[in-house]
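Heads up, the thing below is written out as structure tokens.
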Amino acid sequence: MCEKHPVLTVSHLKKTYGFVRALDDVSFEIGRGEVYGLIGESGCGKTTLARCIMNMERWDAGDIYISEEKIGIKQSRKKKRMLLRKRAIIFQENAAALNTRLSVRSILKEPFAISRTPYTTETLRSLMEKCGLDPSLLERPARTLSGGQLQRLCIARAIALSPDLVVADEPTASLDLSMQAQIINLFKDLQEKEGFAFLLIGHDLDLIEFAADRIGVMHDGKIVEQGSRKEVFGSPAHEYTRSLLRSTLHVYEKKEGEAR
């Protein structure tokens, strides 16, 4: 359990696809100002969990609370607008998350328009600067931006309404190594300044170890281990966690050998 006041509480969440248990009694919390890293191999249920938290997927049993507000599949319009302010998600693929035919301005103003929140051009420019984007790009078509700039645009849109919770699902997987480092440093800087709870989902253990305060390890729809960064990476209790760490070390050593 987190020591800080929980922004996100997931309690005994279950989800099946036919005979496959995508989520099997998943429970965890994330406190305000905390980075929770969720790791595991592809297909273990990480993305399904993120989609449930964002109400993009129905779940079979269990509860989800954001800032002590219980969320469900069916919400009133008023509650949907309220939840828009409380949570945001950043996806792996910019192309899937953004309509790149639109201008940067049109993309940034979307959350304000949907939530009926007043904004000015200066609000949008300030968002861009906060995320390392040149405000002169405001009227440019999004399709003219680089991959790194598009990911920064996704981040700017996500934090536009100052959410309590930000969920990032493999946010750097499509970027090169130098850009991955820049984006993760941006996340850390924004999270420290804005104070949102941050669920960082990934399979890059080095990245998660660098960014997260606490870590959950997911396997076959279950969180098999969770604890501080030092506990999980320094003295893992579950055999699956140990196997993940061993496989990562093996890949690293293999790359080092090939480079020699």
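Values quoted throughout were computed directly from the atomic coordinates according to the rules given, and no laboratory measurement underlies them. Predicted, not measured: the structure shown is a model, and the values here were computed from it. Note that we place each Cβ from the backbone using ideal geometry, even for glycine, and neighbour counts take in every protein chain shown.
Structure values in brief
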read-out	value
Net charge dipole size for the chain [Lys, Arg +1 and Asp, Glu -1 on Cβ; Debye, nearest 20]	1260
Listed residue (Ser103, Gly31, Leu205) projecting farthest to the positive dipole end of the range 6-259, Cβ model	Ser103
Spin-label pair Glu93/Asp25, simplified geometry with 7 Å Cα→Cβ offset, distance in nm	3.5
Kirkwood Rh and Cα Rg combined as Rg over Rh, evaluated for the chain	0.97
Which of Arg246, Arg21, Arg116, Arg152 has the fewest Cβ neighbours within 10 Å, and the rest in rising order	Arg116, Arg246, Arg21, Arg152
Helical mean residue ellipticity (222 nm; -39500 (n - 2.57) per DSSP H run of 4+; nearest 500) of the chain	-12500 deg cm²/dmol
Ranking of Tyr17, Tyr65, Tyr36 by count of other Cβ atoms within 10 Å, fewest first	Tyr17, Tyr65, Tyr36
FRET E, pair Glu122, Met56, Förster distance 45 Å, beta-carbon r, rounded to 0.05	0.90
Residue-by-residue Karplus 3J(HN,Hα) for the range 131-136, coefficients 6.51, -1.76, 1.60, Hz, glycine and proline x	9, x, 9, 6, x, 5
Amide H contacts under 5 Å for Glu225, placed H, 5+ residues apart	Val217
